[in-house]
Structures are given as structure tokens and as C-alpha cells.
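Read through the structure below, which is laid out as C-alpha cells, and then see the notes.
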Amino acid sequence: MTMSRARPGFLLVATATAAVAVLAAGCGTERAGEQAAPARGAATPTRPAEPTNFPCPGESRTPSSTATANATPPASGGGGPLADHYAENHGFREPFPLYGQHRCDGLAAVQRIKAALEPLRRRGDFAPESIQAALTRLGYPADKVRSYEDGPEAAGFLVEAAPDTLCVEGRLSPRPIEATAFGGYPDHSGCEAPSGGH
């Protein structure tokens, strides 16, 4: 009777494969609410310091920390697993705030645009073509200015005031002109709000 013997190499490979499988099964088993302890001697991660602002020319009060477009905070959805990832999944829609000199440039652009549109507001001229003409007279290229109807007596506008760094968005109506500056969006260049999702 002949006995088959297992080759030593086969046993070594089988043992190593089993060990890797056991180790891999333990990966990603952190439970909700638990935080991994930092390794002994490892530096604890710190949150980056928020950029500071300074008063801009003509500004008498303490500057706000940001100058952004009308970004509404996401609805909480009452908590639960779906609400946990809302901010993560919709962060691409949040415009970049402006800080420091960029914030001052944004406030200056807002004031110039409001001044150019004020005569239209007083006349009750809310035609997108009139807004486009007024803003291109300020020196903004026609392809960097977008104006559109926004109700029976209102129009919206969006201006790329400086490539990839400064956007001004607003609304012209019988009420005081609304306009805010922001620094674009995370997932693409330009000033258009992203329409897709991920």
C-alpha cells in the first residue's frame, strides 16, 4: 500500500493563506461610536486653523468669517443612517468661502455690480438682456456673465469676476439688490452651481 505524502511547500502555502484570511477578517470591524486609539507616540490630528479676515476698505464693523453665496445648510432629515452622509454626499454643492484679500476683492466686486444695476432697479427694468449689458459695460466678458428671469418682476445673475477664484451671484427685483461673492465650487472650475450628485 502506497501512502501519498503532502509536499512541505504545499503545507507552507496553505498555512500562510489561512493566516492572511484570519487577519483580513478582522479588518474594518470598528463599531459605530468607537474611535480608534492613536498609536502610542503618534501625534493627535488637529483641525487646520480657519483663515482669518481683516476689515476691508470701507468696512467699519468686524468682518464676518466668510463671504459666501446664499448657501442653505442641508436639512438634517431627523438623523438616522441616511442623514449621517448628507453633508459628505452634498459637499460639492457648497461654495468656497472667501477669506482675507479675496474676501475684500469679493466685497468690492459686489459693490461695483450693485452700483451698475441700481439704475435698472429704479427704472423697473429686470430684463436679462439689460442686466447682461450693464455687467459687460463693467468690463466682464459676455461669456462670463449669465442673467436669467427669476419671476415676473425679478432676474438673477451670475458673474465670473475672476477666473476660478471669484464669483458674484445675485438677484435684481424691486427690493434692494441682493448679491454675494464666493470662490467657486469644490468639484469643478467656474461659477455655475453643480447639478449632478455622487
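Just so it is clear, none of the values below were taken in a lab; they were calculated from the coordinates. Here the structure is a predicted model, which is why all the values come from computation and not from measurement. No Cβ is skipped: glycine too gets one built from the backbone with ideal geometry, and neighbour counts run over all protein chains shown.
Nearest 0.05, what FRET efficiency do F54 and S195 give at R0 = 41 Å with Cβ-Cβ as r?
0.70
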- Note on the structure: Cα extents of the stretch 121-198 along the principal axes, largest first, in whole Å, come to 40, 28, 18
- Task: Pop the C-beta distance of R123 and D150 into the FRET formula with R0 = 25 Å and round what comes out to the nearest 0.05.
- Result: 0.90
